[in-house]
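Worksheet for the structure shown next.
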Amino acid sequence: MLYSEKVMDHFRNPRNVGDIPDADGVGEVGNAKCGDIMKMYLKIEDGVIVDVKFETFGCGSAIATSSMATELIKGKKVEDALALTNQAVVEALDGLPAHKIHCSVLAEEAVRAAIKDYYDKHGIAYDPDQFCAGDCACCHEHDHHE
């Protein structure tokens, strides 16, 4: 079987779909190669993610990984959500086909982008290295301007 039951479940019945109009943090990431676009919205109170929504334009795996990522960070402290890895998303979905792993990376990046936006909007100091391993979308944006 190509996709696990959990992947199919999150694809058919994605959790936390939509937007949050007064979101505290919004992150949008995209993968030009596959055409997937993810937008993540966070509502944060006292350092805790009290609500999270996503809008994803992409394949079933992109939708499933977005959905699972929102489930994994909802109710968590911002720092804990920042520690979410794409491996954790894949494991929570009981695996993904190798050629779809990039969708889980995108989900991780969308969470990080939304948290970075929250930090920026609220003047919270952070270490930029927390958001960048050197190969993510946030770095490439800057590379083009230099």
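The values are calculated or read from the model by the stated rules, or taken from the named source; none is laboratory data. Keep in mind it's a predicted model, so treat the numbers as computed, not measured. When we count neighbours, we look across all protein chains shown, and the Cβ atoms used for this are built from the backbone with ideal geometry, even at glycine.
Laid out as a table, the results:
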{"read-out": "Residue among D135, D80 that is at pLDDT below 90, more than 17 Å from G58 (Cα to Cα) and among the charged types (D, E, K, R)", "value": "D135"}
{"read-out": "Flag if K116 is at pLDDT below 95, of a type in the set (K, R) and either part of a helix (DSSP H, G or I) or surrounded by 17 or more Cβ atoms within 10 Å (Cβ to Cβ) (or both)", "value": "no"}
{"read-out": "Segment 24-43, subset in a loop (DSSP other than H, G, I, E, B) and without any contact (Cβ under 8 Å) to a residue 40 or more places away in the chain, residue surrounded by the fewest Cβ atoms within 10 Å (Cβ to Cβ)", "value": "A32"}
{"read-out": "D46 being in contact with an Asp or Glu (Cβ under 7 Å, 6 or more places away or on another chain), surrounded by fewer than 16 Cβ atoms within 10 Å (Cβ to Cβ), modelled with pLDDT of 95 or more and farther than 16 Å from E109 by Cα", "value": "no"}
{"read-out": "Subset tally (residues that are crowded, with 24+ Cβ neighbours inside 10 Å and not in a strand (DSSP E or B)) for segment 49-62", "value": "2"}
{"read-out": "Condition met for D80 (charged (D, E, K, R), assigned to a helix (DSSP H, G or I) and closer than 14 Å to V48 by Cα)", "value": "yes"}
